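Undergrad: Quick one: this structure, given as structure tokens, is what I'll be asking you about.
The values are calculated or read from the model by the stated rules, or taken from the named source; none is laboratory data. Only a predicted model underlies this, so the values are computations on that prediction, with no experimental measurement involved. So basically every Cβ, Gly included, is an ideal-geometry build from the backbone, and we count neighbours across all protein chains shown.
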Amino acid sequence: MTSKFSINVSYNGVTRALEIEPHEQVTAVLQQAIKIFGVTQQPHLMSLFFEDGTVVNENVSAEAAGLKAGIKVYLRQNVAKGGE
């Protein structure tokens with residue numbers, strides 16, 4: 001039984017629904033978000049952010065990161081990921 005649910009991902013003012021599963025890694029969710037918005041410029045620098053501006057932890061499952069049905073997250077560049 002799958003327990004898929006929808007989250008809302010916003011990028012450059014456009015919001016799209018994304019179907020995810022609670023056990024799915026946030027890195028996989030991030031890749032899906034990058035794909036649905038067709039981000040081609042420096043996709044490795046992108047992260048998902050909560051409305052309060054905190055980064056969604058990419059090293060855990062969607063459920064553990066706090067992604068719930070109907071939540072809105074933002075896809076944008078993560079300055080901290082830049083490195084050198």
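Undergrad: Please give the number of the condition residue 23 fails out of (1) over 18 Å from residue 60 (Cβ atoms); (2) at pLDDT 95 or above.
TA: Looking at each condition in turn, residue 23 falls short on (1).
Undergrad: Now for a different question. Return the residues of the range 37-56 that are of a type in the set (D, E, K, R) and closer than 19 Å to residue 17 by Cβ; say none if nothing qualifies. If you could, list the steps in order and put the result at the bottom.
TA: Going through the range 37-56, the residues of a type in the set (D, E, K, R) turn out to be 51-52.
If the condition is that a residue be of a type in the set (D, E, K, R) and closer than 19 Å to residue 17 by Cβ, then 51 is the only one that fits.
Undergrad: Could you count how many residues in the range 64-84 are among the charged types (D, E, K, R), free of Cβ contacts under 8 Å to residues at least 60 places away in the same chain and surrounded by 10 or more Cβ atoms within 10 Å (Cβ to Cβ)?
TA: The total comes to 1.
Undergrad: Right, another one. Inspect all residues belonging to the range 51-59 and state whether any of them is in contact with a strand residue (DSSP E or B) (Cβ under 7 Å, 6 or more places away or on another chain) and exposed (fewer than 11 other Cβ atoms within 10 Å of the Cβ).
TA: Yes.
Undergrad: For residue 7, are the conditions met, namely being in contact with a Leu (Cβ under 8 Å, 6 or more places away or on another chain) and either surrounded by fewer than 14 Cβ atoms within 10 Å (Cβ to Cβ) or more than 20 Å from residue 81 (Cβ to Cβ) (or both)? Explain how you work it out, then say what you get.
TA: Numbers: in contact with a Leu (Cβ under 8 Å, 6 or more places away or on another chain): yes; either surrounded by fewer than 14 Cβ atoms within 10 Å (Cβ to Cβ) or more than 20 Å from residue 81 (Cβ to Cβ) (or both): yes.
Yes; evaluated as a whole, the condition is true for this residue.
Undergrad: Let me ask you something else. List, please: which pairs have Cβ atoms under 6 Å, are six or more places apart or on different chains, and start with a residue in the range 46-63 that is under 12 Å from residue 28 (Cβ atoms) and end with one that is surrounded by fewer than 14 Cβ atoms within 10 Å (Cβ to Cβ) and among the β-branched types (Val, Ile, Thr)?
TA: 58/27
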